[in-house]
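Colleague: Just dropping this structure here.
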Amino acid sequence: MFQRLAANTAPLRRKAPNVAFLDRNSRLWFPWLPARPNAPVSTNVSVKVNYLGQSSTRYPVNVVGVAPAIFQGAVLNQSGSLNTAENPAAVGSVVVFWMTGEGQTNPLGLTGRITEINNSSTGPLTPQPLITPTVTIGGQAAKVHFYGEAPDLVSGILQINVEVPAGLPAGSWPLVVSFGPISSQGGITVAVQ
């Protein structure tokens with residue numbers, strides 16, 4: 001049922017739906033490819049799904065550079081334990097969480113590729129978003145210790161390690177990641193002791 005396409009890639013289902021991104025002139029458009037000089041660039045495309053000989057109607061979508069979304073229930077304390085109201089993080093400790101929607105990375109991310117650690121002395125440890133994220137916990141700036149594609153996970157999953165800001169009282173506080181003016185969804189919290 002699953003197959004590996006190449007070394008260090010995630011398995012793909014056989015007979016998976018084919019998803020086509022089409023610009024307004026019905027030309028096939030690949031939003032994950034880097035911009036090329038003189039290539040048409042569009043932020044308004046339509047999506048059409050083909051599966052087992054059937055085709056959907058075209059649905060218009062707006063392509064954006066970033067759309068940050070933190071994975072719910074995936075905040076870990078410095079000890080590696082799950083951050084919960086019963087197991088809060090200490091002020092000044094580091095919490096780790098994962099998200100997606102960070103946009104293009106440098107070096108370029110590849111769909112389905114497993115992220116490896118860069119052991120050379122040049123470049124980032126793992127691919128990093130082109131836009132540096134800022135993080136707040138309870139509305140206070142949190143010092144970012146690491147941000148980059150999560151090692152050993154599929155490209156497109158960003159790991160961020162941040163320090164819980166000093167002065168936060170005990171409680172559950174909103175965790176927000178921003179890339180420029182665009183912020184992550186609400187409802188994700190960090191429990192602080």
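The values are calculated or read from the model by the stated rules, or taken from the named source; none is laboratory data. Not measured: the values here are computed from a predicted model. Backbone-built Cβ (ideal geometry, glycine too); neighbour counts: all protein chains shown.
Colleague: Can you name the condition, by its number, that GLY103 falls short on among (1) part of a loop (DSSP other than H, G, I, E, B); (2) in contact (Cβ under 8 Å) with a residue 24 or more places away in the chain; (3) surrounded by fewer than 17 Cβ atoms within 10 Å (Cβ to Cβ); (4) touching a strand residue (DSSP E or B) at 6+ places or on another chain (Cβ under 8 Å)?
Modeller: Failed condition: (3).
Colleague: Now, a different point. Restricting to the range 72-100, give me the number of residues that are without any contact (Cβ under 8 Å) to a residue 60 or more places away in the chain and either among the hydroxyl-bearing types (Ser, Thr, Tyr) or within 20 Å of HIS145 (Cα to Cα) (or both).
Modeller: Number of matching residues: 9.
Colleague: Looking only at the range 137-193, count how many residues are over 16 Å from ASN77 (Cβ atoms) and β-branched (Val, Ile, Thr).
Modeller: Residues in the range 137-193 being over 16 Å from ASN77 (Cβ atoms) and β-branched (Val, Ile, Thr): 6 in total.
Colleague: For a quick check of your reading: which strands (runs of 3 or more DSSP E) sit entirely within the range 145-193 and have at least 2 residues that are touching a residue at least 12 places away in the same chain (Cβ under 8 Å) and among the hydroxyl-bearing types (Ser, Thr, Tyr)?
Modeller: On the way: elements: 158-163, 171-179, 189-192.
In the range 145-193, the matching strands (runs of 3 or more DSSP E) lie at 171-179.
Colleague: Then there is this: Could you check how many residues of the range 110-138 are in a loop (DSSP other than H, G, I, E, B), out of contact with any Phe, Trp or Tyr (no Cβ under 8 Å at 6 or more places or on another chain) and of a type outside the set (S, T, N, Q)? Steps first, answer last, please.
Modeller: First pass over the range 110-138, keeping only residues in a loop (DSSP other than H, G, I, E, B): 110-112, 115-127, 130-133, 138.
Those left that are additionally out of contact with any Phe, Trp or Tyr (no Cβ under 8 Å at 6 or more places or on another chain): 110, 112, 115-124, 126-127, 130.
From the residues that got through so far, the ones that are of a type outside the set (S, T, N, Q) too are 110, 112, 116-117, 123-124, 127, 130.
Matching residues across the range 110-138 total 8.
Colleague: Quick check: anything in the range 72-82 surrounded by fewer than 14 Cβ atoms within 10 Å (Cβ to Cβ) and either in contact with a Lys or Arg (Cβ under 7 Å, 6 or more places away or on another chain) or β-branched (Val, Ile, Thr) (or both)?
Modeller: Within the range 72-82, not a single residue is surrounded by fewer than 14 Cβ atoms within 10 Å (Cβ to Cβ) and either in contact with a Lys or Arg (Cβ under 7 Å, 6 or more places away or on another chain) or β-branched (Val, Ile, Thr) (or both).
Colleague: So, one more: Being more than 17 Å from the chain's Cα centre (by Cα), modelled with pLDDT under 95 and not hydroxyl-bearing (Ser, Thr, Tyr) is the filter here; which residues of the range 54-106 pass it?
Modeller: Hits for the range 54-106 are GLN54, ARG58, PRO60, VAL61, ASN62.
Colleague: Please determine, by comparing only the residues of the range 116-167 that are closer than 19 Å to ASN83 by Cβ and among the β-branched types (Val, Ile, Thr), which one is modelled with the lowest pLDDT.
Modeller: Among residues in the range 116-167 that are closer than 19 Å to ASN83 by Cβ and among the β-branched types (Val, Ile, Thr), the one modelled with the lowest pLDDT is ILE157.
Colleague: For the range 34-53, name all the residues that are part of a loop (DSSP other than H, G, I, E, B) and either surrounded by 14 or more Cβ atoms within 10 Å (Cβ to Cβ) or modelled with pLDDT of 85 or more (or both). Spell out how you get there, then give the answer.
Modeller: First, pick out the residues of the range 34-53 that are part of a loop (DSSP other than H, G, I, E, B): 34-43, 52-53.
Within the range 34-53, just SER42 meets the criteria.
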